[in-house]
Amino acid sequence: MIIVIARVELSLTGVNSLKEKRNILKSLIARLKNKFNISIAEIDDNDVLRKTTIGAAIVSNKSSFGNQVIAKMIDEIRSRPELMLLDYKTEEY
């Protein structure tokens, strides 16, 4: 069993309230969870207006599959115009 995790730091451009940030994140998390069948949540910067950190994890029998899913998730995040990818790190266990 292989677990691949990702820690993703994002900037949310054009956000003017925490309510607006929550709506964007709720939509993003639901979309990524449904599309890639991953566990995902906001893990840091909860009360920071234009920045957030999300964590995602996938369990697989092959590390290559888990890394491929995480890479596709990162590509999906990059395609969203309201988000700017600041940094991300992946780890395998």
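All of the numbers you see were taken from the coordinates with simple rules; none came from a lab. Note that the structure is a prediction, hence the values are computed from the model and not measured. Heads up, the Cβs are rebuilt from the backbone with ideal geometry, glycines too, and the neighbour counts pull from every protein chain shown.
Considered as a group, the residues in region 18-33 that are in contact (Cβ under 8 Å) with a residue 24 or more places away in the chain and either in contact with a strand residue (DSSP E or B) (Cβ under 9 Å, 6 or more places away or on another chain) or surrounded by 16 or more Cβ atoms within 10 Å (Cβ to Cβ) (or both) include one that is nearest to K72 (Cα to Cα), and that residue is L32.
In region 1-17, which residue that is part of a strand (DSSP E or B) and hydrophobic (A, V, I, L, M, F, W, C) is farthest from E76 (Cα to Cα)? Per the stated criteria, the residue is I2. Picking from residues in region 60-78 that are under 17 Å from N34 (Cα atoms) and of a type in the set (S, T, N, Q), the one that is farthest from the chain's Cα centre (by Cα) is S60.
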